[in-house]
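Q: Encoded as structure tokens, here's the structure I'll be asking about.
The values are calculated or read from the model by the stated rules, or taken from the named source; none is laboratory data. Please read these numbers as outputs of a predicted model, since none were measured by experiment. Here Cβ is always computed from backbone atoms with ideal geometry, including for glycine, and neighbour counts include all displayed protein chains.
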Amino acid sequence: MASKRRNMFHKNKTQETTEEVGYSGEALWGRCLYTRPSDLLILEDLKDLGYKMADRKESLDMNHALLVMKSLGRYHALSATLKERGSLDVTGFKDTIFSTNKDNMKQYLDQVLTVFAGVVDTIWGEDWKIYAVKIKSLIGKCLDSINQLYDEECDFPVLNHGDCWVNNMMFKYDEDANIPANIR
């Protein structure tokens, strides 16, 4: 299944479809140079094109965050368009880390929510305390809520990145300023 997921976007149709959904900028990801199902994926070196990783120890600023969200929106639109055309087989995508590894995911999510609620409660200020209470109320329930989302049929199904964090993004910067101009 992993090879199917990995290889599904490495078709020549993706660039033309991306343009059809209204995006004519640089590609959303690096070119696939070679793939062998199940165990090998070689992508172009984005450093050669001027891309850099952001510092994972620093939060992304608003310019970076907006670029990330716009890119994810294009990715979602592309997956919806490909699915609608029959070019994307989504069979088997309901098997997720949330449904196949429930015990570990429940423990992980509960720990994340506990820490996050504590930070909101103690650091973010008095106006945020009500949200800390709401976050705490999710502890023990979050995994069931996530799995319920996967069980429901929706009107606009799209693929999700699945591991959207700073070490899985590379930014190209405007030469005159430290403002990100593109992301892959």
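Q: Quick check on my filter: what residues within region 137-184 are at pLDDT below 90, closer than 30 Å to residue 63 by Cβ and small (Gly, Ala, Ser)?
A: 162, 177
Q: In region 31-51, which residues are touching a residue at least 60 places away in the same chain (Cβ under 8 Å), under 19 Å from the mean Cα position of the chain (by Cα) and outside any strand (DSSP E or B)?
A: Answer for region 31-51, where residues must be touching a residue at least 60 places away in the same chain (Cβ under 8 Å), under 19 Å from the mean Cα position of the chain (by Cα) and outside any strand (DSSP E or B): just 46.
Q: Among the residues of region 77-93, what is the count of those that are surrounded by fewer than 11 Cβ atoms within 10 Å (Cβ to Cβ) and within 18 Å of the chain's Cα centre (by Cα)?
A: Summing the residues that are surrounded by fewer than 11 Cβ atoms within 10 Å (Cβ to Cβ) and within 18 Å of the chain's Cα centre (by Cα) in region 77-93 gives 0.
Q: Just to be sure, is residue 135 assigned to a helix (DSSP H, G or I), over 23 Å from the mean Cα position of the chain (by Cα), free of Cβ contacts under 8 Å to residues at least 24 places away in the same chain and not assigned by TED's automatic domain parsing to the domain that holds residue 66?
A: no
Q: Would you check if residue 123 is surrounded by fewer than 14 Cβ atoms within 10 Å (Cβ to Cβ), β-branched (Val, Ile, Thr), within 26 Å of residue 61 (Cα to Cα) and touching a helix residue (DSSP H, G or I) at 6+ places or on another chain (Cβ under 6 Å)?
A: Judged against the criteria, residue 123 is not a match.
Q: Given the residues 145, 137, which is the only one that is small (Gly, Ala, Ser) and closer than 29 Å to residue 90 by Cα?
A: Answer to the check: 145.
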